[in-house]
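One structure is given here, and the rest of the page talks about it.
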Amino acid sequence: MTTHLTRYEQFQRRIAVQLTRLLAGSWRRRSLGVLSLLLGFMLGSNFTMYWFEEIGQRPVVVFLMVVVIELLIRARTYTKREPWPLGWLALDNIRIGCVFSVVFEAYKLGS
């Protein structure tokens, strides 16, 4: 039986490579990744509420967060090295944690 290289098969292979890379990295890289995810979650949930209290308008706060996240994504595309430097790994995981916390808060509030 021949296997065809479909888009789903390519997706599965990319996921497998990412999981292998996640488990095979050094302890410094893994711990920094987990800590930066948690830090991003904390920043996303706390700063949105703090900014909301200071500014008073939730759309402005969310717009500023979207702008900062988009700038981080644009800056990340210029990094071509395969194992990312630790600083970029931390920034990317902080970004992911912030996005997750905002989506989680929106889900909790039902909006």
Pair list, Cβ under 8 Å, 6 or more apart: region 77-88 residue of a type in the set (S, T, N, Q), other residue part of a loop (DSSP other than H, G, I, E, B) and surrounded by 10 or more Cβ atoms within 10 Å (Cβ to Cβ): Thr79/Pro85
statement: Of the conditions (1) in a helix (DSSP H, G or I); (2) among the hydrophobic types (A, V, I, L, M, F, W, C); (3) at pLDDT below 90, the single one that Met1 does not satisfy is (1)
query: Would a scan of region 77-88 turn up a residue that is in a helix (DSSP H, G or I), open to solvent by less than 60 Å² (accessible area, probe 1.4 Å) and at pLDDT 85 or above?
result: no
query: Within region 89-107, how many residues are hydrophobic (A, V, I, L, M, F, W, C), open to solvent by 70 Å² or more (accessible area, probe 1.4 Å) and farther than 13 Å from Leu37 by Cα?
result: 2
message: I need a count of the residues in region 39-76 that are surrounded by 14 or more Cβ atoms within 10 Å (Cβ to Cβ) and under 14 Å from Asn93 (Cα atoms).
response: 8
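Look at Ala75 and say whether it is more than 30 Å from Leu109 (Cα to Cα) and of a type outside the set (Lys, Arg).
Numbers: more than 30 Å from Leu109 (Cα to Cα): yes; of a type outside the set (Lys, Arg): yes.
Taking the combined requirement at face value, the residue satisfies it.
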task: Go through Arg13, Arg21, Arg28 for me and flag whichever is modelled with pLDDT of 85 or more, more than 23 Å from Ile69 (Cα to Cα), among the charged types (D, E, K, R) and open to solvent by 100 Å² or more (accessible area, probe 1.4 Å).
output: Arg13
Of all residues in region 4-38 being among the polar types (S, T, N, Q) and not in a helix (DSSP H, G or I), the one that is nearest to Ala90 (Cα to Cα): Ser26
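The values are calculated or read from the model by the stated rules, or taken from the named source; none is laboratory data. Source: prediction; values computed, not measured. Note that each Cβ is placed from the backbone with ideal geometry, even for glycine, and that neighbours are counted across all protein chains shown. Calculation scope for accessible area: heavy atoms of the full protein, side chains included, ligands and nucleic acids excluded. Shrake-Rupley method; radii C 1.70, N 1.55, O 1.52, S 1.80 Å.
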